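Presented below is the structure to which this report refers.
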Amino acid sequence: MFKKILIANRGEIACRIARTCRRLGVAVAGVHSAADRDALHVKEIGESIEIGGAAAADSYLRIDAVIDAARATGAEAIHPGFGFLAENAAFARAVEAAGLVFIGPTPEVIERLGDKAAAKREAKAAGVPIVPGSEAPSEDPGEIAAAVRRIGLPVMLKAAAGGGGKGMRGIVGLERLDDEIEAAMREATNAFGYPGLIVEKLIERGRHIEVQIAGDGQGRVIHLFERECTLQRRHQKIIEEAPAADLAAALRERMAADAVRLGERLRYRGVGTVEFIVGADGYHFLEVNPRLQVEHPVTEMVTGLDIVEIMLRIAAGEGIPIEQGEVRLNGHAAEARIYAEDPAAGFLPSTGRLAHVRFPQDGVRVETGIETGMEITPFYDPMLAKLITHAPTRDQALDRLKLALDGTAIFGVTTNRDFLARLIDLPQTRAASFHTRLIDEQIDGWALGKTKHDAQTLALAAYYWLYRQRRAGNGPWSGWLASGWQMSAGDDGLAPIPSLNVEASGGSAEIRFAPLQRDGGMLVGVNDERVRVTLSPAGDERFLAIVDSRRETVRLHQEGDMLYLHDRRGSHAFKTVPYLSYISAAAEASGELKAPMMGLILKVYVAPGDRVEKGGVVAVLESMKMEMRIVAECAGTMAAVNCQAGQIVERFAVVAVVTPD
């Protein structure tokens, strides 16, 4: 076994690899970018080399800098994790040329499998059924468009060099084909450094099932059964399971045998995943991911094996440490990926400082690279954490996963936590009657942007705000029995004038307070409603909340004028503004187009003086490997354009101004 390795990655996967290494007695070192100097993976690994600027191209994708870091730390081998350089054959070759061990497949196998078109040819040669489509990747938009028309709609554009849902576009119409090809190629270039695409027939209502394999590089290959990865949004996996739900035993055996046969043909070294799409007419090969997968923990939970340990032992020349007959399935595991993104805003990535982070401690495995106080930047993938549960049955595993999500509090950035909880309870999820397009087909009817904060939730937030004001001794609220305004009140004790305005998605509320009672209770006026609230500290930002007749434990945190609440309804973010400040605020500006988050301007479509229609694209911004269009909210004339291609803009920066008609 190695004495020391370098982990050439960041975030949760770097922390997870380090954990196995320490258990095996292997020392670890890491790398970090300028943006990650204070990141959790740097602290947990303990020894880390800064290898460049914030952008991945300036740091984590720099082959020379990573190898120099390995030499500087005395590492014998490099583990690439997933993403970044994990599927880069040039990197694997450079590692070996430097006299180090690459913990993964050989460079030759990465080349044969990393290109999706080449992987299809290997699968076909191994007798594995493939999806009809391109035989080779193309970098010519015209050639790609011709392939779309030749294969026939619907089709899938896929980045030939990539994975993780990047550079993929489902095409069901030809209206915006050129734009979709351009966007997919640009995304492929940004994520993988190569713009080539392949075109495949789109199997619209299939299930995504993948088989985990391990090979010793000498021709021996085993499988660790399969995973269900069907619940996806825009080709990005969200919830994964092991084993696949209600999969016929004969089908499982055939798919596993095909995966092993492909691995044997390649004399596969290390661990990898053979992915299939399962439709009404059988199953077809999709691709091979020649690396560790994000969702590998669910396989570990049901087999009791440590996949990172298997990788290390194979790379160290010890071979596969288990026989096929010893691999057993035990129960069911489920995983949810928590992302920094806003479902109510079209799943735009969310950036900012993490004001408070807390995960449940019992009954759940947590993989994360974040902690309270960290800054979430636009430079990397927005995944914050993974929650993994294991139980005797599938329903129990899903129930435990839902409870784990309910017990997770991440304040400061918007996350998809509540969306995941809702997804787990979908009838199609519970019945395993889902397909890969389920979320994309249904999401428009989910009213994600219409979350309501009822009077009880708002009253609870307002009480906490006043509690904080009193603890800080701030002005008119510092007296323990004060209600904010020292004026006569009605029979119920409520002040006649609001003390606070609470803003949330969907509107705002005027808040009035009555005097605090000796038992800690207070009557709070929320617009025209009256709610009686009591809060008792329970430690670690938890409070016992009594709202009218209901008791529950909630989490509350305040950061500046932002107040965060986690209760049985989910996560809430409120902006609290003292009432006088609120009513004296300047009127809302009209025509300003603001960047939804920090990011890189990829393209600007307008110039001052140009005519623009409502919904017209003004600029395209990239953040966290995603593209988003900044569009005109009204028809008019461009009065100003404050950005240009290649420029990094801050969140809420005014990138353009429209003079409305």
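Here are some notes:
- Boolean, A161 is outside any loop (DSSP other than H, G, I, E, B) and in contact (Cβ under 8 Å) with a residue 12 or more places away in the chain: no
- Test: residue in segment 100-114 that is of a type in the set (G, A, S), surrounded by fewer than 24 Cβ atoms within 10 Å (Cβ to Cβ) and either closer than 25 Å to C229 by Cβ or free of Cβ contacts under 8 Å to residues at least 24 places away in the same chain (or both): no
- Selection status of D68, acidic (D, E) and in contact with a helix residue (DSSP H, G or I) (Cβ under 8 Å, 6 or more places away or on another chain): no
- When segment 520-539 is filtered for residues that are of a type outside the set (A, V, I, L, M, F, W, C), touching a residue at least 12 places away in the same chain (Cβ under 8 Å) and in contact with a strand residue (DSSP E or B) (Cβ under 7 Å, 6 or more places away or on another chain), the ones remaining, listed by number, are G520, G521, G525, N527, R530, R532, T534, S536.
- Of all residues in segment 55-65 being over 12 Å from F192 (Cα atoms) and assigned to a helix (DSSP H, G or I), the one that is nearest to the chain's Cα centre (by Cα): D58
- Residues satisfying the stated conditions in segment 551-576, i.e. touching a residue at least 12 places away in the same chain (Cβ under 8 Å) and either among the charged types (D, E, K, R) or not assigned by TED's automatic domain parsing to the domain that holds I497 (or both): E552, R555, E559, D561, D567, R568, R569, K575
- Selected residue [more than 24 Å from Q293 (Cβ to Cβ) and within 25 Å of the chain's Cα centre (by Cα)] from I151, I181: I181
- The set of residues in segment 618-639 being at pLDDT 85 or above, crowded, with 16+ Cβ neighbours inside 10 Å and among the aliphatic types (A, V, I, L, M) consists of V618, A619, V620, L621, I630, A632, M638.
- Among (1) in contact (Cβ under 8 Å) with a residue 60 or more places away in the chain; (2) outside any helix (DSSP H, G or I), the one test that E12 misses: (2)
- Checking each residue of segment 308-325 against the condition of being within 25 Å of Q396 (Cβ to Cβ) and either out of contact with any Leu (no Cβ under 9 Å at 6 or more places or on another chain) or surrounded by 17 or more Cβ atoms within 10 Å (Cβ to Cβ) (or both) gives no match.
- Of all residues making up segment 433-452, the number that are out of contact with any Lys or Arg (no Cβ under 8 Å at 6 or more places or on another chain) and either surrounded by 15 or more Cβ atoms within 10 Å (Cβ to Cβ) or under 14 Å from E240 (Cα atoms) (or both): 3
- Residue match in segment 538-557 (condition: modelled with pLDDT of 90 or more, closer than 30 Å to A54 by Cα and assigned to a strand (DSSP E or B)): yes
- Meets criteria (surrounded by 23 or more Cβ atoms within 10 Å (Cβ to Cβ), within 30 Å of L403 (Cα to Cα) and out of contact with any His (no Cβ under 9 Å at 6 or more places or on another chain)) for A336: yes
- Just one of the listed residues (R227, R254) is at pLDDT 95 or above and surrounded by fewer than 20 Cβ atoms within 10 Å (Cβ to Cβ), and it is R254.
- Within segment 425-441, residues that are closer than 16 Å to G279 by Cβ reach partners that are surrounded by 13 or more Cβ atoms within 10 Å (Cβ to Cβ) and hydrophobic (A, V, I, L, M, F, W, C) with beta carbons closer than 7 Å, at six or more positions or on different chains, in the pairs A432/A245; F434/L231.
Yes/no matrix, rows are residues, columns are (1) of a type in the set (D, E, K, R); (2) in a helix (DSSP H, G or I):
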{"residue": "E44", "(1), (2)": "yes, yes"}
{"residue": "G53", "(1), (2)": "no, no"}
{"residue": "I67", "(1), (2)": "no, yes"}
{"residue": "A75", "(1), (2)": "no, no"}
{"residue": "F82", "(1), (2)": "no, no"}
{"residue": "A94", "(1), (2)": "no, yes"}
{"residue": "G99", "(1), (2)": "no, no"}
{"residue": "R112", "(1), (2)": "yes, yes"}
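- Among the candidates Y268, Y283, residue that is in contact with a strand residue (DSSP E or B) (Cβ under 7 Å, 6 or more places away or on another chain), surrounded by fewer than 21 Cβ atoms within 10 Å (Cβ to Cβ) and among the aromatic types (F, W, Y): Y283
The values are calculated or read from the model by the stated rules, or taken from the named source; none is laboratory data. Keep in mind it's a predicted model, so treat the numbers as computed, not measured. Neighbour counts are summed over all protein chains in view; Cβ atoms, including those assigned to glycine, are modelled from backbone coordinates with ideal geometry.
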